[in-house]
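Here's the structure we're looking at; comments come further down.
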Amino acid sequence: MGLGLLLLRGKGLLFGLMLSPLIVPLIVLAISYYLFFVKLRLIGSEFAIAAAYAAMGVPFVLVVVSGALQHFDPELENAARTLGAGPIRTLWRVTLPQLASAIGAGAIFAFVTAFDEAVVILFVSGSDAITLPRKLWDSVRYDIDPTLAVAGTVLIAVSVGLFTAAELIDAARKRRRRRVIGAGHLTNETAEGITGKDIP
């Protein structure tokens, strides 16, 4: 968000660096993370796993949110501050509601990326930490149990549920918009009828 809202010098370079995980092969990222966390003795720690997931998810969030920021009207923030709202109140009441859908979409992309990523986790998680992608990988290679089928079913159910929820929310939003537009037309027609009526 700060990249789009602030006029930073070198913003393009910083933006490109944050998008670099999208163009670097996963095996290169995995080896880089491994060498970095080995020096810090963090292989297998929750911090290393979370940092690796965050590094892979940030580019997706950045792309989606930056696209939404290109259509964001800064005059809305200026109007809120003119009416007495402070920076924090403006952020929560004006900025974030306008970007909520983009942030949610970016979070879904980041979650799906982390949910499906096994290569990086095999390098970062060590022998002790077990994540779902690591468990699925081990299940395919070593075990014969229903874990993989159950996980696949859950993934399909979650995907269908998210898609259905998105469609319902979009349909409700369109109905609300049509009602607001219809109410506006009725108000305008009523006002025109009153002003156009002959007054004795």
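Please treat every number below as a calculation from the coordinates, not as lab data. Only a predicted model underlies this, so the values are computations on that prediction, with no experimental measurement involved. Glycine gets a Cβ as well: all are built from the backbone with ideal geometry, and neighbour counts include every protein chain shown.
Enter the Cα centre distance for the pair segment 55-80 and segment 14-44, rounded to the nearest angstrom.
25 Å
Rounded to whole Å, give me the distance from the Cα center of segment 110-128 to that of segment 130-179.
17 Å
With a cut-off of 8 Å between alpha carbons and a minimum separation of six or more residues, what is the relative contact order of segment 2-130 in percent?
This gives 42 percent for segment 2-130.
Residue-wise, which Karplus ³J(HN,Hα) couplings in Hz belong to segment 117-131, taking 6.51 cos²θ - 1.76 cosθ + 1.60, θ = phi - 60°, and x for glycine or proline?
Whole-Hz 3J(HN,Hα) from phi for segment 117-131: 8, 10, 5, 5, 5, 4, 7, 8, 6, x, 9, 9, 6, 10, 9.
What distance in nm separates the simple spin-label points at ALA54 and ARG41, each placed 7 Å from Cα in the Cβ direction?
2.2 nm
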